[in-house]
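Comments concern the structure below.
The values are calculated or read from the model by the stated rules, or taken from the named source; none is laboratory data. None of the values given here were measured: they were computed from a predicted structure. Every residue, glycine as well, gets a Cβ built from its backbone with ideal geometry; the counts of neighbours run over all protein chains shown.
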Amino acid sequence: MRSWVAEGGWTVEGAVVPGSGFRNDTILRVRRNGVRVRDCTSVREVAALIDLADLCEVIDLDHALRHRHRRRHRAHSAG
């Protein structure tokens, strides 16, 4: 899942948790300095804790490079 960071030790991570019945719920888990502050069900709830403009998305470069390499390889193989 995606995650974001902000100054002051804030992190926000998308997470899937067991929901009611047979479905799962997606939440936004907010932590500060590694300690869970709140599991939010909406961006509005996150905004009550952190200025959304301060959040920067964390990009997994290893994953992005592997994905880019696979796309290039497929395009080259098809051509």
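Matching residues to (1) under 20 Å from residue 60 (Cα atoms); (2) touching a Ser or Thr at 6+ places or on another chain (Cβ under 9 Å); (3) among the hydrophobic types (A, V, I, L, M, F, W, C); (4) modelled with pLDDT of 95 or more:
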site	(1), (2), (3), (4)
2	yes, no, no, no
13	yes, yes, no, yes
17	no, yes, yes, no
22	no, no, yes, no
32	no, yes, no, yes
38	no, no, no, yes
43	no, no, yes, yes
48	no, no, yes, yes
Hey, residue 6 hits all of (1) exposed (fewer than 10 other Cβ atoms within 10 Å of the Cβ); (2) modelled with pLDDT of 95 or more; (3) not β-branched (Val, Ile, Thr) but one; which does it fall short on? (1)
Against the condition assigned to a strand (DSSP E or B), at pLDDT 95 or above, of a type outside the set (D, E, K, R) and surrounded by 10 or more Cβ atoms within 10 Å (Cβ to Cβ), how does residue 26 come out, does it pass? no
Would it be correct to say that residue 21 is outside any strand (DSSP E or B) and without any contact (Cβ under 8 Å) to a residue 24 or more places away in the chain? yes
Scan region 30-45 for residues that are within 15 Å of residue 9 (Cβ to Cβ) and of a type in the set (A, V, I, L, M) and jot them down. 30, 35, 37
So for region 30-38 (the condition being in a strand (DSSP E or B), under 11 Å from residue 6 (Cβ atoms), among the charged types (D, E, K, R) and touching a residue at least 24 places away in the same chain (Cβ under 8 Å)), does at least one residue qualify? yes
